Amino acid sequence: MSRICLARCRAAVVALSATIFLQHSMAAQSAKPASAPTVYVKAGHLFDATSDNFRDNVILVVEGERIARIASAAQIAIASGATVVDLSQAWVLPGLIDCHTHLEARADKYDPINEVKDTPFMGGFNGVVNASKTLQAGFTSVRDVGSQPFFAVDLRRAIDEGYIPGPRVVASGPALSITGGHGDMNGFAPAVSNLMYPDERDFAIVDGPEQVRHAVREQIKYGVDVIKILATGGVLSQGDKPGAEQLTYDEMKMAVDEAHRTGRKVAAHAHGTEGIKDAVRAGVDSIEHGSLIDAEGIEMMKAHGTYLVADIYNDDYILGKAVEFGLPKENVEKEKTVGRLQRENFAKAVAAGVKIAFGTDAGVYPHGDNAKQFHYMVKFGMTPAGAIRAATSGAADLIDRAGNVGTLEAGKYADLIAVTANPLDHVEALEHVSFVMKGGKVYKDELAAAKGSRP
Ligand code: ARG
């Protein structure tokens, strides 16, 4: 095709898209209801995540997608005939946020050979199911950190369009990895390794700062919200060591500079002691895993205000399933060295006052079980309120969505859940979420079913 033709064709496509866009937005405008419906949510006990306590007998006035007002029940007169959601026997909290998920992944498919067996469509099917399970478990927002290009971006769009149910998604692209690193397909002949989703190789395997710069810019071009980098080796990869640094400081610094320049954050997978420190020095916004962090690393995280997102439930699932899954000895051994230390070091980081955001690596274990991690966060040093705030106000701050989610306040999205026992007494209550509202829409309501009807 000649240059001129290419330019003309492009102009035609642009004009056509502009027309379609205009028609769409006009249709959308005319379809908009005159005023958003008002729903009164009666909360027996409300944890709004601006403090560490519940307060009793509160009403949230929800208009459309957002909370218009919150006040004690005595202060709000509910008009007769108004829509009421009765959670007066329940404990109501903000929708939970998991800052480390892989909605494309299934926990029963660890074998890397799947990467050359499945087509990318399989990831899409997984995503539809996993997004729904996650929302049903009370997680109304997630940060998805590492998938094929650009699964998470499309998933975010399909959910935002209301086409499929799921949490709000803060999307990354494939995680940036060095050649032979945690994100590469190691242990195969070159011809097989190169079959790893070819697209993914292009966007994710980087050597040297300039390749990092290009990859970050490309991922941003295709719509990611956050950049995920692999600072050290990993547990479930082949032929690398969790403790060993992989990306260099200069490579990480490049990723951070390029991402931050566009207002995007950087999440760094980092198990190893030195890789954690270089990632913090480079200015990443969160350390994922953080397993082998030492006292100096803890101090550095505090000084930089870096969040720790530690997946401390995973170890149970991985070691529990190792035999059934035929997990290679290499991975089992790596998990055995990392899992216990990760929990101990998490406790040290908590005691030192490092900022903690909730993140589980869902996909390594089955989606929907996210809340099982609360038990461990409390066991390893957090208060129940602290653990809940790590999954609400803290997580919202890390994912840069604090203006919209993470607390229940006027102006925020009406993303809320209810449980039937006080999670401050028994944090495991969050493993059984009875009610889920996202953006004012009810996605789960076992309380109404139990009562027979809902007014
Ligand atoms: N995706 C991580 C990795 O392969 C999982 C680590 C799980 N183990 C743990 N103890 N958190 O490195």
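Laboratory data are not the source of any read-out in this text; all were calculated from the coordinates shown. None of these values were measured; they are calculated from a predicted model. Every residue, glycine as well, gets a Cβ built from its backbone with ideal geometry; the counts of neighbours run over all protein chains shown.
Once you order the gyration tensor axes a ≥ b ≥ c over the Cα atoms, which shape class does segment 269-336 get: rounded for a/c under 1.5, otherwise prolate or oblate by comparing a/b with b/c? In terms of gyration-tensor shape, prolate. For the chain, adding -39500 (n - 2.57) for each run of n ≥ 4 DSSP H residues and dividing by the number of residues yields -12000 deg cm²/dmol at 222 nm. Here the simple spin-label model places points 7 Å from the Cα toward Cβ, and for Glu324 and Arg261 these points are separated by 4.8 nm. Extending 7 Å from Cα along the Cβ direction at Ser35 and again at Asp52 yields two label points whose distance is 4.2 nm. Of all beta bridges that DSSP places with both ends in segment 209-308, some 10 percent have antiparallel geometry. Available extension along the chain between Asn194 and Met122 is 24.0 nm, counting 0.36 nm per residue and deducting the alpha carbon span. In terms of its alpha-carbon gyration tensor, segment 342-455 comes out prolate; a/c meets the 1.5 threshold, and the first ratio a/b outweighs b/c.
With both partners inside the chain, how many of the DSSP beta bridges are antiparallel, as a percent to the nearest 5? Mind dumping the intermediate values first?
Details: 27 of 59 bridges.
If we restrict to bridges inside the chain, about 45 percent are antiparallel.
Spin-label model, Ala402 to Asp86: label points 7 Å out along the Cα-to-beta-carbon direction sit 3.8 nm apart. Quick test of the membrane-span-like rule: which DSSP H helices of the chain reach at least 20 Å along their long axis (C-alpha atoms) with mean Kyte hydropathy at least -0.5? Qualifying helices: 3-31, 120-136.
Given the C-alpha centroids of segment 185-251 and segment 47-63, what is the distance between them in whole angstrom? Value for the Cα centre distance between the two parts: 43 Å. Just check the chain against the gyration tensor rule for me: Cα atoms, a ≥ b ≥ c as the square roots of the eigenvalues, rounded for a/c under 1.5, and otherwise prolate or oblate depending on whether a/b exceeds b/c. Oblate shape, in that a/c is at least 1.5 and b/c is the bigger or equal ratio.
Among Lys265/Lys334; Lys109/Lys441; Lys133/Lys221; Lys109/Lys133, which pairs are too far apart, with a Cα-Cα distance over 23 Å? Violating the 23 Å Cα-Cα cut-off are Lys265/Lys334; Lys109/Lys441; Lys133/Lys221.
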